[in-house]
Structures are given as C-alpha cells and as structure tokens.
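Encoded as structure tokens, the structure appears first; notes follow it.
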Amino acid sequence: MPEARILDGKAAAAALRLQIAAEAARLKARHGIVPGIAMVLVGDDPASQVYVRSKTRAAGEAGFHVRDIVLAADAPEADVLAQVAALNADPQVHGFLVQLPLPPQVDPERVIDAIDPAKDADGFHVVNAGRLAMGRDGVVPATPLGCMHLIRRARAELAGLEAVVIGRSNTVGKPMAQLLLREHCTVTIAHSRTRGLADIARRADVLVAAVGRPEIVRGDWIKPGATVIDVGINRLPPETPGEKGRLVGDVAFAEAVAVAGAITPVPGGVGPMTIACLLQNTLLLARRSAGAAA
Ligand code: GUN
C-alpha cells in the first residue's frame with residue numbers, strides 16, 4: 001500500500017511567516033505602519049501559557065509590535081472588559097485576542113462581543129462569523145484558515161468534492177465548513193452524536209477531524225486517496241508513571257497514512273499553521289486600518 005503524502009504544517013507555516021514578515025516590512029516602508037498584535041491571558045493555565053508564548057514569539061519574529069497582557073486568574077469580568085475596551089481604542093494595536101478558555105467568572109461570549117470586529121484577530125466575533133457565512137470579507141478564524149492552506153497543497157481543485165467536517169465548534173468546525181462550501185465542496189458537518197459516523201467519514205474526499213477525541217478516526221473510516229486534516233491535539237495518559245503522555249490527534253495516524261492520499265501529522269500539521277494564520281489576519285487588519293488592503 002502506498003503511503004500518503006505528509007502535509008508538513010511546520011514547513012508551510014515557516015514559509016507563510018517569512019512571506020508575512022516581508023509584507024509587514026513593506027507596510028512599514030510604504031505606509032509607516034508596524035502591524036500591532038495584543039494577547040490577553042487571564043489566569044495561569046499552562047496550555048494557554050504555551051500557546052500565547054508561541055504566538056508572541058512568532059509575532060515578534062515577523063516584525064510585529066507585540067503586547068502581552070496577563071490578568072490574574074480571579075480577575076473580575078469587568079477588568080477583562082476594560083482591557084478589551086482599551087485595546088479597541090489603542091491605535092498601535094491592529095488585532096488582538098483574548099485567550100480561551102477563560103476562568104468561570106468571565107463569560108467568553110460577553111468578552112468576544114466586546115471586541116471591535118475590525119480588531120478581532122481570531123475572527124470569533126459574531127459579525128465576522130456572519131460575514132463568513134454570507135460570503136463577505138471579514139476575519140476568518142486562524143485554525144480553519146490554516147487547514148485550507150494545507151488542503152490546497154494536496155488538492156488543486158476542490159469544486160464538487162465531498163467534504164466531511166467532524167466537529168461543530170464555533171472556532172473550527174463551523175467556519176471550516178463555511179470555507180469548504182465557499183470552495184464549492186459538498187459539505188457534511190458531523191459530530192460526536194452523529195449516527196453512522198464511520199460511513200459518513202468514508203464518503204469524504206476531504207476529511208477534517210476536529211472533535212477532540214483521541215484517534216477516533218480509524219484507517220477504515222478513510223476513503224482511499226482522501227485528504228485528511230487532523231485538528232485534534234490530545235494528550236494520552238502516560239504509559240509509565242511520572243512521564244508525559246503521548247500527543248495524538250483525532251486520527252489514528254499509523255492506520256490512516258496507509259489509506260489516505262495526503263494527511264497532516266500531529267504535532268507539526270495544523271498547529272503551526274494556526275499561528276501563521278493569526279499573523280496573517282493581523283497583517284490584514286493592519287492593512288485595512290491603513291486603507292492599504294491588498
Ligand atoms: N484557545 C485555544 N485556541 C485558541 C485560539 O485560537 N484563540 C483563542 N483566543 N483562544 C484559544
């Protein structure tokens with residue numbers, strides 16, 4: 001059995017980040033604008049700290065102005081909303097995000113609703129979700145955007161293909177389905193409660209797994225030659241006490257690689273693309289603020 005082409009997100013993200021850095025330099029030279037990004041972290045969740053650190057480093061390397069804001073785990077919602085209001089008003093900041101999940105006293109919907117849609121680097125605001133659904137220009141969430149980059153590497157033509165998205169989150173599944181629809185795929189959104197999930201998955205020319213269940217997608221769920229995008233990042237329980245568990249996706253990679261035409265690894269697939277696309281979104285917002293949209 002021939003092995004699938006591995007869609008190397010690390011390499012694709014590095015190339016995209018170089019391109020973004022070059023465009024940021026051009027924006028500075030021509031318009032005197034340095035793209036500015038801010039990240040708000042509430043509390044000390046270790047995974048969120050790692051994500052924010054990676055985003056901060058990548059933004060700095062692209063030549064962006066970066067602002068990191070950390071609030072205490074018990075910060076009242078009003079403090080988070082005040083921070084959002086300050087960033088909305090800050091002319092140096094073109095895009096920002098509030099890292100999720102938030103502690104229980106802070107309502108994520110109220111926080112995201114407070115973000116100016118023109119500075120919504122994550123594309124999580126309802127206005128940007130609505131624009132995507134209506135086929136209008138807005139900000140597209142970075143993870144599905146990164147998935148589309150990788151899908152296009154595997155498939156020059158998407159029109160008419162069967163696409164199945166497993167997962168219906170507002171941050172990945174739903175916007176992913178909208179992007180595939182925009183490319184004229186026939187799109188099915190499945191999820192953890194879908195009946196006959198394996199049979200539905202097997203129809204897919206393009207299969208996106210974003211359900212957060214370790215290795216739920218088995219090799220025999222995959223149509224031979226399909227493009228398989230694995231958004232999942234799941235930590236398995238450690239095999240020996242005291243060690244870290246293995247990091248796996250939502251796809252059983254060793255099985256799937258023997259059937260698929262192209263597949264993303266975990267780690268090194270979708271993850272690095274998310275960060276690169278967050279920078280791309282911020283660059284776009286900086287350009288728009290300058291009236292210099294490409
Ligand atoms: N938590 C995990 N992924 C993300 C993301 O893409 N954006 C935000 N704001 N929080 C997250």
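The values are calculated or read from the model by the stated rules, or taken from the named source; none is laboratory data. Quantities reported herein were computed from a predicted structural model and do not represent experimental measurements. Cβ placement follows ideal geometry from the backbone for every residue including glycine, while neighbour counts extend to all protein chains displayed.
Side notes on the structure shown:
- Some residue of the stretch 69-81 being under 22 Å from Val140 (Cα atoms) and crowded, with 21+ Cβ neighbours inside 10 Å: no
- Across the stretch 254-281, the qualifying residues are those that are out of contact with any strand residue (DSSP E or B) (no Cβ under 7 Å at 6 or more places or on another chain) and of a type outside the set (A, V, I, L, M), and the one among them that is farthest from the ligand (Cβ to nearest atom) is Glu255.
- Number of positions in the stretch 255-273 that are touching a Gly at 6+ places or on another chain (Cβ under 6 Å), part of a helix (DSSP H, G or I) and not charged (D, E, K, R): 4
- Scoring Leu87 on the criteria (1) surrounded by 13 or more Cβ atoms within 10 Å (Cβ to Cβ); (2) under 29 Å from Asn234 (Cα atoms); (3) aliphatic (A, V, I, L, M); (4) within 15 Å of the ligand (Cβ to nearest atom) leaves a single failure, condition (2).
- Only one of the listed residues (Asp44, Asp8) is surrounded by 15 or more Cβ atoms within 10 Å (Cβ to Cβ) and more than 17 Å from Asn281 (Cβ to Cβ). That residue is Asp8.
- Among the residues making up the stretch 121-132, those that are closer than 14 Å to Val172 by Cβ and either touching a helix residue (DSSP H, G or I) at 6+ places or on another chain (Cβ under 6 Å) or away from the ligand (no atom under 16 Å from the Cβ) (or both) are Phe124, Leu132.
- Taking the listed residues Glu239, Glu215, the one that is surrounded by fewer than 24 Cβ atoms within 10 Å (Cβ to Cβ) and within 21 Å of the chain's Cα centre (by Cα) is Glu215, with no other qualifying.
- Qualifying positions in the stretch 29-79 - away from the ligand (no atom under 14 Å from the Cβ), small (Gly, Ala, Ser) and in contact (Cβ under 8 Å) with a residue 24 or more places away in the chain: Gly36, Ala62, Gly63, Ala72, Ala73, Ala75
- Taking residues in the stretch 10-23 that are touching a residue at least 60 places away in the same chain (Cβ under 8 Å), and partners anywhere that are part of a helix (DSSP H, G or I) and not hydrophobic (A, V, I, L, M, F, W, C), the pairs with Cβ atoms closer than 6 Å and at least 6 places apart or on different chains are Lys10/Pro272; Ala13/Pro272; Ile20/Gln280.
- Within the stretch 136-178, the only residue that satisfies the criterion of being at positive phi and more than 16 Å from the ligand (Cβ to nearest atom) is Gly160.
- Checking Asp74, Asp44, Asp79 one by one, the residue that is of a type in the set (Asp, Glu), over 19 Å from Ile275 (Cβ atoms) and under 24 Å from the mean Cα position of the chain (by Cα) is Asp44 and no other.
This table checks each residue for (1) under 19 Å from the mean Cα position of the chain (by Cα); (2) within 16 Å of the ligand (Cβ to nearest atom); (3) buried (at least 19 other Cβ atoms within 10 Å of the Cβ).
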{"position": "Gly95", "(1), (2), (3)": "yes, yes, yes"}
{"position": "Val106", "(1), (2), (3)": "no, yes, yes"}
{"position": "Met134", "(1), (2), (3)": "no, no, no"}
{"position": "Arg182", "(1), (2), (3)": "yes, no, no"}
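- Residues that are under 20 Å from the mean Cα position of the chain (by Cα) and either modelled with pLDDT of 95 or more or surrounded by 18 or more Cβ atoms within 10 Å (Cβ to Cβ) (or both) occur at least once in the stretch 198-206.
- Hits in the stretch 265-286 - residues which are among the polar types (S, T, N, Q) and within 16 Å of Ala21 (Cβ to Cβ): Gln280, Asn281, Thr282
- The condition (being modelled with pLDDT of 95 or more and either assigned to a strand (DSSP E or B) or among the β-branched types (Val, Ile, Thr) (or both)) is satisfied by just one residue among Asp79, Asp68: Asp68.
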